[in-house]
Structures are given as structure tokens and as C-alpha cells.
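Peer 1: Sharing a structure below in C-alpha cells format, with a few things to ask.
The values are calculated or read from the model by the stated rules, or taken from the named source; none is laboratory data. Keep in mind that what you see is a predicted model, and the values were worked out from it rather than measured. Don't worry about glycine lacking a Cβ; one is built from the backbone with ideal geometry, like all the others, and counts go over all protein chains shown.
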Amino acid sequence: MTGMASTQEERANEAVTAHRSIAVVVGGSGAIAKALVHKWSQDPDLTVVSLSRTSSGFSKVQSVITDYSDESLASAARHVAAIGLPLSRLVICNGILSDDAIRPERKVSDLDVAAFDTVMSVNTLLPMRVLGAFWRVIRDAEDPRIAVLSARVGSLEDNKLGGWYSYRASKAALNMMLKCAAIEARRVNSRAKIIAYHPGTVDSALSRPFQRSVPDGKLFSPDYTAAQLIDILDSVVADGDLSYLDWAGQPIPW
């Protein structure tokens, strides 16, 4: 039995060694994340790692269970580094819009401290904590492309409707922090590129309560927005700056 187990482990190591780089998807249980993991798992050049509270369910994917504590994220980063391949893609998909206790605010008097803290923690601070945990991996990577799910509603210039105070604030703050990270990345790895990605309105649990107001043709499948992001990551050029892009690769005003 020991010899058989060793043989299986050697085959698994050989399969990983045959790959050329690593793609990491954080928040792997979300709709967009699952679509990304599925698509990248078909690429023979990629070792795909999914970070989530639960297993990805894909046989060709390395599932790393995390509770998103600092210790857990640091352990996940060490796991990725130990694979021994360069990081080529990192996509952070974590986000919250509403749940049983949180609803987007229609007016300023709807603001609630606990809800605001939760939205900011998940949408703004968590992605930056992930970047912090993976910073050495990013620094040492050959050509890393990093995308974090932002939103057009984080744009000050584009805001014509108001409302959704906490969600808008969390995405605007995320964009600012990503701008700082892009400047820092330029100093440690000029080949790195960070993108704040607006996927559009995607047919997912996050958007489902708000889909009735979505115009025809503007409700995208997770597969579509994942494919669009993959194309953008494959074509974007490292210019030392943060790009704020929508699913069509078009810049969004700040």
C-alpha cells in the first residue's frame, strides 16, 4: 500500500511539473470564481488552485480550504509557493452586496454601522489582505496578472443615481487601495499588472434580488464574464498602473 501511495504521489507531482504556471482563484465558491476555475482547469499549462471555505469540486484543481484569517491566508500562500511554479494569474472574487441582515441603502438614514463594517470588511479589506498574504509570491513571479472584482458603482464620476452607500463606498475604497498596491507592485516587480474588474451584472446569488431592473441583454452568465476576464488578463500589458476595466475591456472613469 505504501508503494502504491508513493507512485500516485509521484504521478501527481509529475503532472504539476508538466505545467508552466499557477492560476489562483480566491473566493472559489462564487459563480464567477467557479466559472474561472472550470475554464482554467482545461488549460494544460496551468496548475489551478482554488481558495475557498469549501472544496471546489473539480478533480483537476487543488482546493485549499481557508477561513480567511491572516494565518489561513499565509498558509495558502505558502502552499502556492511550495508548488514551485511561477504565479501567472491571481483573481480575487470575494464580495457581498446583501444578505438576511444587509440591504443596499436607498437613503442616508438607512446607514447601519454593523452592515457598513461588514460590507467594507468583505469588499475592501479582505481583497487587500489576500494581496498582502501573496505579496512575496507576486514579487517573485515572472509575469503575474492580478484581477480583483470591483464594480462600476465604485466610480465617483459614473454615479448618477446615488444610493447603495456602503456598497459604492466599499468599491471606491477598494479601487483606491488597489491603486496604492499597483504603485507598490511597480517597485518590486515591474512585470506585475493589477486590474480592478467590473464584470457587469452576472446571474448569481449576489445579483439575484436586483435582476428585475437589469436591461435586456445586460444580465451576463458567469461563463461569459469569466471568459471576458480571461481574455483581458491574456492581453493586458504591464504598464505599472492600475487599470479599472469593464467586461468589454473598456476603461471606467474614476
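Peer 1: Please go through region 129-148 and give me each residue that is touching a strand residue (DSSP E or B) at 6+ places or on another chain (Cβ under 9 Å) and not charged (D, E, K, R), ordered by number.
Peer 2: Within region 129-148, Val130, Leu131, Phe134, Val137, Ile138, Ala141, Pro144, Ile146, Ala147, Val148 qualify.
Peer 1: Which of the residues spanning region 159-175 are surrounded by fewer than 13 Cβ atoms within 10 Å (Cβ to Cβ) and on the phi < 0 side of the Ramachandran plot?
Peer 2: Across region 159-175, the qualifying residues are Lys160, Leu161.
Peer 1: Now a separate question. So which residues in region 161-185 are touching an Asp or Glu at 6+ places or on another chain (Cβ under 8 Å) and in a loop (DSSP other than H, G, I, E, B), if there are any at all?
Peer 2: Gly163, Trp164
Peer 1: Oh, and also: For Gly162, work out the one condition from (1) modelled with pLDDT of 95 or more; (2) under 20 Å from the mean Cα position of the chain (by Cα) it doesn't fulfil.
Peer 2: (2)
Peer 1: Also, I was wondering about something else. Mind counting the residues in region 66-83 that are assigned to a loop (DSSP other than H, G, I, E, B), touching a residue at least 12 places away in the same chain (Cβ under 8 Å) and within 17 Å of Leu125 (Cβ to Cβ)?
Peer 2: Residues flagged as assigned to a loop (DSSP other than H, G, I, E, B), touching a residue at least 12 places away in the same chain (Cβ under 8 Å) and within 17 Å of Leu125 (Cβ to Cβ) within region 66-83 amount to 3.
Peer 1: Only one of Asp100, Asp117, Asp158 is among the acidic types (Asp, Glu), farther than 23 Å from His198 by Cβ and either touching a residue at least 12 places away in the same chain (Cβ under 8 Å) or part of a helix (DSSP H, G or I) (or both); which?
Peer 2: From the options Asp100, Asp117, Asp158, the qualifying one is Asp117.
Peer 1: Collect the residues in region 64-86 that are farther than 26 Å from Arg191 by Cα, out of contact with any Ser or Thr (no Cβ under 6 Å at 6 or more places or on another chain) and surrounded by 18 or more Cβ atoms within 10 Å (Cβ to Cβ), keeping them in residue-number order.
Peer 2: Val64, Tyr68
Peer 1: Next question. Whether any residue in region 47-63 is at pLDDT 95 or above, surrounded by 14 or more Cβ atoms within 10 Å (Cβ to Cβ), more than 17 Å from the chain's Cα centre (by Cα) and not β-branched (Val, Ile, Thr) is what I want to check.
Peer 2: No, region 47-63 contains no residue that is at pLDDT 95 or above, surrounded by 14 or more Cβ atoms within 10 Å (Cβ to Cβ), more than 17 Å from the chain's Cα centre (by Cα) and not β-branched (Val, Ile, Thr).
Peer 1: Looking at region 217-249, which of the residues that are in a helix (DSSP H, G or I) and of a type in the set (A, V, I, L, M, F, W, C) is surrounded by the most Cβ atoms within 10 Å (Cβ to Cβ)?
Peer 2: My answer is Ala226.
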